[in-house]
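So the structure is just underneath, and the comments pick up after that.
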Amino acid sequence: ETKEITLSYSQSMFSFEFTALDFTIPEMNKYAYMMEGFDKDWNYVGTHREATYTNLNPGEYIFRVKASNSDGVWNEEGTSIKIIITPPFWLTWWFKTLAVLFAAASIYAFYRYRVKSIEGQKKILEKEVKERTAEVVKQSQDLQKLNEELQAQSEELQSQSENLQILNEELELQKDKEEKAR
């Protein structure tokens, strides 16, 4: 009576039992079955009335069965039932979409984190460069003042040296005059 069965992926093994409604010589009835989407062709199993499947991939299948009577006349129409095997949550479209979105968000978050980190380092380096530049400028100014002071002192010493030279010459002249006077 059922036209469709839905199974979970965890129901990895299931079986079908079937029979034909020809009771003339029932042990002579022959059977064939096929799982569309899995089997490539009909499985002719003789008088065996059971089909077992294990570990089918998630998806939709149609199980078909047909039988022949004791005279070997096949009922080509047979009967069928739709089988739906639901995938595990990690194989569903919504989980894959969420996984892609999560991966993209993680990559973007890591990128933003790295950019912020690099910007922070850049600000710290700029601050250090400004501080060191200010120090160098101050040292340069101090050296400039020191150089100017040393130059002024050098000029003063030069001037004093010239004055002393003049005084020395005057003393020599006076000494010569005193000697002449004596």
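The values are calculated or read from the model by the stated rules, or taken from the named source; none is laboratory data. Keep in mind it's a predicted model, so treat the numbers as computed, not measured. Note: ideal-geometry Cβ built from the backbone for every residue, glycine included; neighbour counts use all protein chains shown. Ligands, DNA and RNA are excluded from the accessible area calculation, which covers all protein heavy atoms including side chains. Shrake-Rupley method; radii C 1.70, N 1.55, O 1.52, S 1.80 Å.
Of the numbered conditions (1) surrounded by 16 or more Cβ atoms within 10 Å (Cβ to Cβ); (2) under 21 Å from residue 5 (Cα atoms), residue 69 satisfies every one except a single condition; which is it?
(2)
Among the numbered conditions (1) over 26 Å from residue 6 (Cα atoms); (2) open to solvent by 70 Å² or more (accessible area, probe 1.4 Å); (3) part of a helix (DSSP H, G or I); (4) of a type outside the set (Phe, Trp, Tyr), tell me where residue 104 comes up short.
The failed condition is (2).
Looking only at region 132-181, filter to residues that are charged (D, E, K, R) and within 59 Å of the chain's Cα centre (by Cα); which one of those is least open to solvent (accessible area, probe 1.4 Å)?
142
Looking at this structure, is residue 128 free of Cβ contacts under 8 Å to residues at least 12 places away in the same chain, charged (D, E, K, R) and not in a helix (DSSP H, G or I)?
On the way: free of Cβ contacts under 8 Å to residues at least 12 places away in the same chain: yes; charged (D, E, K, R): yes; not in a helix (DSSP H, G or I): no.
Spelling it out, it is not the case that residue 128 is free of Cβ contacts under 8 Å to residues at least 12 places away in the same chain, charged (D, E, K, R) and not in a helix (DSSP H, G or I).
What's the number of the condition residue 89 fails, among (1) open to solvent by less than 90 Å² (accessible area, probe 1.4 Å); (2) touching a Phe, Trp or Tyr at 6+ places or on another chain (Cβ under 9 Å); (3) of a type outside the set (Asp, Glu); (4) without any contact (Cβ under 8 Å) to a residue 60 or more places away in the chain?
(1)
Pick from 166, 85, 124: which is among the aliphatic types (A, V, I, L, M) and closer than 30 Å to residue 46 by Cα?
Details: 166 fails: closer than 30 Å to residue 46 by Cα; 124 fails: closer than 30 Å to residue 46 by Cα.
The match here is 85.
On the basis of being of a type in the set (D, E, K, R) and surrounded by 10 or more Cβ atoms within 10 Å (Cβ to Cβ), does residue 126 make the cut?
Against the criterion (of a type in the set (D, E, K, R) and surrounded by 10 or more Cβ atoms within 10 Å (Cβ to Cβ)), residue 126 qualifies.
Among the residues of region 35-58, which ones are open to solvent by less than 100 Å² (accessible area, probe 1.4 Å), within 14 Å of residue 79 (Cβ to Cβ) and not hydrophobic (A, V, I, L, M, F, W, C)?
Result: 36, single match.
Assess whether residue 118 counts as being under 27 Å from the mean Cα position of the chain (by Cα) and without any contact (Cβ under 8 Å) to a residue 60 or more places away in the chain. If you could, list the steps in order and put the result at the bottom.
Working: under 27 Å from the mean Cα position of the chain (by Cα): yes; without any contact (Cβ under 8 Å) to a residue 60 or more places away in the chain: yes.
So residue 118 passes the test.
Taking region 11-34 as the search range and keeping residues that are farther than 16 Å from residue 73 by Cα and open to solvent by 80 Å² or more (accessible area, probe 1.4 Å), which one is modelled with the lowest pLDDT?
Among those residues, the one meeting the criterion is 11.
Going through region 1-53 one residue at a time, which ones are in contact with a Lys or Arg (Cβ under 6 Å, 6 or more places away or on another chain) and of a type in the set (A, V, I, L, M, F, W, C)?
Selection gives 18, 32, 34.
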